[in-house]
1. Hey, any idea what the orientation-averaged projected area of the convex hull of segment 89-140's Cα atoms comes to, in nm²?
2. Wrap a convex hull around the Cα atoms of the chain, take a quarter of its surface area, and give that in square nanometres.
3. Taking the alpha-carbon distance from residue 409 and a cut-off under 17 Å, which lysines remain once sequence neighbours fewer than 8 residues away in the same chain are dropped?
4. Using a 1.4 Å probe over the heavy atoms of the protein chains, calculate the carbon and sulfur portion of the accessible area of segment 56-207 as a whole percent.
5. Which three extents, in whole angstrom, do the alpha-carbon atoms of segment 7-84 cover along their principal axes, largest first?
6. Restricting to Cα pairs below 8 Å that are 6+ residues apart, what does the relative contact order work out to for segment 129-266? Please round to a whole percent.
7. State the answer as a single residue: which of 234, 94, 123 lies farthest towards the positive end of the charge dipole of the chain, with beta carbon charges of +1 for Lys and Arg and -1 for Asp and Glu, about the Cα centre.
8. Just reorder 406, 336 by solvent-accessible area, largest first, 1.4 Å probe, all chains present.
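The values are calculated or read from the model by the stated rules, or taken from the named source; none is laboratory data. Since this is a predicted model, take the numbers as computed values, not measurements. FYI the Cβ positions are ideal-geometry reconstructions off the backbone, even for glycines, and counts take in every protein chain you see. For accessibility, only protein heavy atoms count, side chains too; no ligands or nucleic acids. Shrake-Rupley method; radii C 1.70, N 1.55, O 1.52, S 1.80 Å.
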Amino acid sequence: MSSRGVSSPGWAAPSYDALVIGAGVAGLTAAARLAEGGAKVMLIAKGIGATHLAPGTIDVLGYAGDERVERPGEALGAVDGAHPYARLGGADSVARAIDWFKRQFDGGPLGAYGYQGSLDENVLLPTTVGAAKPSALVPETMAAGDLRSSASMLIVGFRVLRDFHAAYLADNVSRAGAPARAVVLDRRVDGRPEANSLGLARAFDDPVVRAEIAAEVARALDGAERVGFPAGLGAEDPHGVWSDMQERLGRPVFEIPTLPPSVPGMRMFRTLRDRLRRSGGRIVLNSTALSGARAGARVESVRATAAGREVDYRARWIVLATGGVATGGIALDSRWQARETALGLPLHGVPATDQPRFRAEYFGEHPFARVGVAVDDGLRPVDDTGARVADNVLVAGATLAGARPWQEKSGDGLSLASGHRAAELILEEGS
């Protein structure tokens, strides 16, 4: 583990019960749950994590091999021992995380907006290209898009939203068995010739704009039983906007994920960040963890950048949730050597130098996809012999070795469950 932080003194921050590194779903979950449990928490991150890029659904387990999973709770019991889900204490642990997550939206900053679903079954929601994606927990504003229903749908596009192709999406959905057609509205957002989903969401917050859009869509319904919009039904009061559009159109309305920025993902980030702060936790963004200073089997402090200087954060517990290769938590140097970037923890599953790391097929089985930090049942990092390398560090999220989140559709489910489990373990041992 790197000891770069002890070579010269940095500015000393106050000490904390727990320092969380990373502001994605895993980091925010761990920090918010710890603060809720009474811990003094600091969360640091170099950025906002992947929430603003992800669709905002909690995909626990969508595929087991090539088979689509219908009941994720049952499928969790069959994951192999190398999968990080096997370290979380079973489906009951994942269910607790899901129940906790749903409660965070009660009385949150987005009004009555919330999530629905459980481990009992996956729903099938259309992606931005119309493919069916299995998810266990979804925003209420997306639920009516479940492709298991054969109810006909009208997909609404906006000419200014260049990355949302309503006709292409509707065609793919129809081929999958749910009759769909598209209408594209030729209206500007804030007078601009182009817009993204966030601009659309802000426009939908205006009741006058909603009324105009609803009137245009109503003329195109022609018997459609439900109506899908790009995921941007309101930035400030999505539940109110969604409910209003359903009332105006007289049928179920649902959001469809778009390309980034993801408005549902931004809502998730905002809600978890708000819960952390309301429970007394702190969050500092634009702060990159550089190294950890060790004392025996413990990491006593973490050196990070903050406001143009280096700061030493001292904490009894550290939760590492910096993500994988995509977010910089794991890096490859010019010699193709992999490293964990924050604390220098050992990586598991790195292909040998004479073995391929990636395959030519984009959606193929990439050997490097499973690289990460291996952990024991206490989520402590271990080396290749299974021995712990740090007693007070717990690892969560995409930093964990062994998962294939893009193929098995488990990314945010694993992040939520492992972040929540890390907080549970710390609170249990600190009680």
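1. On the way: hull surface 17.6 nm².
It is 4.4 nm².
2. Reported value for the Cα convex hull: 21.5 nm².
3. Here the lysines satisfying the reach criterion relative to residue 409 are 133.
4. Numbers: 3010 of 6610 Å².
Here carbon and sulfur together make up 46 percent of the probe-accessible area.
5. Largest first, segment 7-84 extends 53, 29, 26 Å along its Cα principal axes.
6. Working: 251 pairs, mean separation 40.3, N = 138.
Normalised by residue count, the contact order of segment 129-266 is 29 percent.
7. Among 234, 94, 123, the one farthest towards the positive end of the dipole of the chain is 234.
8. Sorted descending by solvent-accessible area, the residues read 406, 336.
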